[in-house]
1. Residues in the stretch 1-20: is at least one at pLDDT below 80, among the basic types (Lys, Arg) and in a strand (DSSP E or B)?
2. Here are the criteria: (1) open to solvent by less than 80 Å² (accessible area, probe 1.4 Å); (2) modelled with pLDDT of 75 or more. Tell me which single one residue 31 does not satisfy.
Amino acid sequence: MWWDGRVVGAWAQRADGEIVWRIPGWGRRGGRGGGGAADGMAGCDQVTPGFRTPVEKELSAG
């Protein structure tokens, strides 16, 4: 996740389509709505990055 030109967190999409994200200091959040680009991804194909980071693997696993 980017904010003001800096990486501030990570996001992943679980097998059921749920978008989950983490910003250090905020904990782990998830859901199918709530604003931003995640709303446009609901109901879309599964997104799997070409290079899966440890954080993305952890978030997508649940």
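1. No.
2. (2)
The values are calculated or read from the model by the stated rules, or taken from the named source; none is laboratory data. Owing to the predicted nature of the structure, the values given are computational and were not obtained by experimental measurement. In case anyone asks, the SASA skips ligands and DNA or RNA and just uses the protein heavy atoms, side chains included. Shrake-Rupley method; radii C 1.70, N 1.55, O 1.52, S 1.80 Å.
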